[in-house]
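The values are calculated or read from the model by the stated rules, or taken from the named source; none is laboratory data. Keep in mind that what you see is a predicted model, and the values were worked out from it rather than measured. So basically every Cβ, Gly included, is an ideal-geometry build from the backbone, and we count neighbours across all protein chains shown. What goes into the accessible areas is simple: the full protein's heavy atoms, side chains included, and nothing from ligands, DNA or RNA. Shrake-Rupley method; radii C 1.70, N 1.55, O 1.52, S 1.80 Å.
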Amino acid sequence: MGAMEESTVADASTAGLLPPSTKDLENGEDLEKESFITKDGTVDWKHNPADRRTTGGWKACPYILGNECCERLAYYGISMNLVVFLTDKLHQHNATASTNVTNWSGTAYITPLIGAFLADAYLGRYWTIAAFSSVYFVGMVLLTLSASVPSLKPPSCVGDVCPGASPGQIGSFYLALYLVALGTGGIKPCVSSFGADQFDDEDPSEKKYKTVFFNWFYFSINVGAMIASTFLVYIQQSVNWAWGFGIPAAAMGIAIVSFFTGSKKYRHQKPGGSPLTRIAQVIVAAIRNWRLRLPADETMLYEVDEKASAIEGSRKIQHTAEYSFLDKAAVEDRSRPTTTWNLCTVTQVEEVKILLRIVPIWASAIVFSTVYAQMSTLFVVQGLKMDYILGTFKVPSASLSMFDTLSVLIWVPIYDRLLVPFVRRYTGHPQGFTQLQRMGIGLVISTLSMVVAAVLEIQRLRVAREKGLVDADDKNFPKLLNAQLSIFWQIPQYFIIGASEVFTFIGQLEFFYEQSPDAMRSLGSALSLATVALGNYLSSLLVTIVTKITRRDGKPGWIADNLNHGHIDYFFWLLAALSVVNFLFYLPFAYRFKYKATK
């Protein structure tokens, strides 16, 4: 009878006639909760598997975008007008100031390799951003002091006599400046990747928003840049440099607050250990196993049996046939003990292959960054020799970069809302263009900007000669401004560069994040940023070489202190030619590139 009653109760429960038991409820709740857990291995602030209902997605992004907007306001608040500060306040020559700006800017974009390594290997992106933000803020405060405290800056010019800065003044200024470079370097490779981490790679409904995020991430960068290139540049040149550097310092403080406010909403990728060690292990293992034969069946190459990769925070990567000599690192040699230095997984080997594949694409972005660097150097210097008076208002030359920013702010929504849906109809690609197609279009557009800048300089020199302004010194030049070309003729070259950024820089952000191995995504972002650094260094190198060659025999050179005696149009033509060669280099590698495939 007892057995019959139990059977009857069980049948009734199964039929839904009786309420579910506590155990059934718990199982149901566990299954429901599990269905909301992210599938890409991210965790929440308590190190538990991330729940998509309470973490990540667009819930977390406003804090990250707000942080980026304020941080970029701080950075561009320095870089936009730095060449003017160096010439007017530290009394440096045009070529020297231009070189110092590009060297500093280059350092700010090479230090991301430090931040990326720490984030991927040990700290994770969140704590790397937190630590380097503090360094950044200290640098901003010291920079404000260097522009405020009389003993930390050289005396003003008296007539044509401009006292040079003392070693102590130079040292304090550059200490502050390079602390900012270190701080921004630690932050930059992590913020964009951290934002993209908020969308689950394994959930198609979330993954499709990654491209949208990168578009609006770059949009937020340019909102900060817009404020810097208008309001801050005006404050620096019309009020004083103490306020001009103090406001960016305050913006950096706001950036830090914005970032920490969203802490409980973030998803975190676990650091996967040193990527440099894994790369070295593949190379050493491939060399040690060079005598071994590769199996005919690729499935015989070593890989862990588990669903997840042996690398923390990484999915398994499918085997590819390229660079097959590295596959020997995944061939097991039973004659010796197995260690990570003589046997690597297929995923680990594929990490190295991916890096090798993206190197040519990465290299082609350097010349683009060299073109981009002209906005904060020679474009500014060119503008100082044009009519910058609008009514009773003096337009700061550096503020013309607002039209680059305005171009980005216009083009991002056009690209996202109009161009992508239109192109998608013909290509069938979800994003309209592939990442590499998008970058290639930007390379072509950037070449056009140098052509426009060169043509404008030819016309400016012609007007200067016709109006007798060639020998006008800086003291008398303001009285003759209405005889010069208007500074607003520079708008097209800024606007064209802005359009090229929307294609190349945003495409680059997405490309290096998506194509980098999962456990090297901060490093991928850092490599992307390193192209900006190398572009600045290449610009400095070109300026140095051109100046040395063209100033022989007492000639003023292409980049003269008085631009009316020089020919920066020749320099712009040189960059246009390099851009064409660079695009021709890019095409075959982009055409043959194989995108990453995960298991």
inquiry  = What's the ranking of 536-549, 412-425, 174-187, 503-516 by average number of surrounding C-beta atoms within 10 Å, highest first?
reply    = 503-516, 174-187, 536-549, 412-425
message = Please list 3J(HN,Hα) in residue order for region 40-53, calculated via the Karplus relation 6.51 cos²θ - 1.76 cosθ + 1.60 where θ = phi - 60°; whole Hz, with x for glycine and proline.
response = 9, x, 6, 10, 8, 5, 9, 6, 8, x, 5, 9, 5, 6
remark   = For GLU298 the rounded accessible area (nearest 10 Å², probe 1.4 Å, non-protein molecules ignored) is 100 Å²
key: Rounded to the nearest 10 Å², the accessible area of VAL257 at probe 1.4 Å   = 90 Å²
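Counting only helical runs of four or more DSSP H residues, what would the 222 nm mean residue ellipticity of the chain come to if each run contributes -39,500 (n - 2.57) and the total is spread over all its residues? Numbers along the way, then the final one.
Working: 20 runs with 362 residues, N = 599.
My calculation for the chain gives -20500 deg cm²/dmol from helical runs alone.
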ask   = How large, in percent, is the carbon and sulfur part of the accessible surface of region 149-264 at a probe radius of 1.4 Å?
value = 70 percent
message = Given Cα positions, please report Rg to Rh for region 388-515, the hydrodynamic radius being the Kirkwood one.
response = 1.14
query = Hey, got the Cα dimensions of region 399-453 along the principal axes, in Å, largest first?
reply = 39, 21, 14
query = For region 320-478, what does the equivalent ellipsoid look like in terms of its semi-axes, each the square root of 5 times an eigenvalue of the Cα gyration tensor, given largest first in whole Å?
reply = 52, 23, 14
message = Whole angstrom only: what separates the Cα centroid of region 376-422 from the Cα centroid of region 497-555?
response = 20 Å
Spacing of the two label points (7 Å from each Cα toward its C-beta) at ASP51 and ARG425, in nm = 4.4 nm
query = Taking the Cα atoms only, what angle lies between the long axis of helix 568-592 and the longest principal axis of the chain, rounded to 10 degrees?
reply = 20 degrees
ask   = Share of Cα-Cα pairs in region 113-243 beyond 24 Å, in percent?
value = 48 percent
key: Spin-label proximity, TRP290 to region 322-354 - amide N less than 17 Å from point 7 Å beyond Cα toward beta carbon   = 323-331, 342-343
ask   = Helix 22-35 sits at what angle to the longest principal axis of the chain, using alpha carbons and giving 0 to 90 degrees rounded to 10?
value = 30 degrees
Ranked order, VAL532, VAL149 - accessible area, probe 1.4 Å, largest first = VAL149, VAL532
note = Dividing the mean separation of Cα pairs under 8 Å (6+ apart) by the residue count of the chain yields a relative contact order in percent of 21 percent
key: Label point 7 Å beyond Cα of TRP341 along Cβ direction - residues of region 263-297 with amide nitrogen under 11 Å   = 281, 284-285
request  = Using only Cα atoms, find the angle between the long axis of helix 275-288 and the longest principal axis of the chain, and express it within 0 to 90 degrees, rounded to the nearest 10.
outcome  = 70 degrees
note = Of TRP58, TRP241, TRP558, ordered by accessible area with the largest first and a 1.4 Å probe, the sequence is TRP58, TRP558, TRP241
inquiry  = In 10 Å bins starting at zero, report the fraction of Cα pairs in region 257-357 per bin as a rounded %.
reply    = 15, 44, 24, 9, 7, 2
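Quick check for you: with a 1.4 Å probe and neighbouring chains kept, what is the accessible area per residue of the chain, in Å²?
Ligands and nucleic acids excluded, the figure is 44 Å² per residue.
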ask   = What nm value, rounded to one decimal, do you get for the distance between VAL359 and THR434 when each label is placed 7 Å out toward the C-beta?
value = 2.1 nm
ask   = Taking amide H positions as placed 1.01 Å from N in the peptide plane, with prolines and chain starts having none, which residues 5 or more places from THR598, or on another chain, fall under 5 Å of its amide H?
value = GLN318
VAL191, VAL284, ranked by accessible area, largest first (probe 1.4 Å) = VAL284, VAL191
request  = Please identify which residues in region 50-87 have an amide N closer than 17 Å to a label point set 7 Å out from the Cα of LYS208, following the Cα→Cβ vector.
outcome  = 57-58
query = To the nearest 10 square angstrom, how much accessible area does GLU501 have with a 1.4 angstrom probe?
reply = 0 Å²
Accessible carbon and sulfur surface of region 468-599 relative to its total accessible area, %, 1.4 Å = 66 percent
query = What is the gain in length, in nm to one decimal, between TYR570 and ASP553 on full extension, counting 0.36 nm per residue of separation less the C-alpha to C-alpha distance?
reply = 4.2 nm
Protection-proxy order for peptides 438-445, 86-93, 64-71, each taking the mean of Cβ atoms within 10 Å per residue, highest first = 64-71, 438-445, 86-93
key: Distance in nm between pseudo-label sites at ARG334 and GLN459 (7 Å out along the Cβ direction from Cα)   = 7.8 nm
query = Taking the Cα atoms of region 166-304 alone, what are Rg (to one decimal) and Dmax (as a whole number) in Å?
reply = 23.3, 73
query = If you bin the C-alpha pair distances of the chain every 10 Å from 0, what whole percents do you get?
reply = 3, 15, 24, 23, 16, 10, 5, 2, 1, 1, 0, 0
ask   = Magnitude of the Cβ-charge dipole of region 440-599, K/R +1 and D/E -1, about the Cα centre, nearest 20 debye?
value = 280 debye
request  = Considering Cα pairs under 8 angstrom that are at least six residues apart, work out the relative contact order of region 87-219 and quote it in whole percent.
outcome  = 34 percent
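Using 0.36 nm times the number of residues separating SER324 and LEU584, minus their current alpha carbon distance, what extension gain do you get?
In short, 90.9 nm is gained.
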ask   = Taking the Cα centre of the chain as the origin, how large is its charge dipole in debye, to the nearest 20, when only Lys and Arg (+1) and Asp and Glu (-1) carry charge on their Cβ atoms?
value = 1780 debye
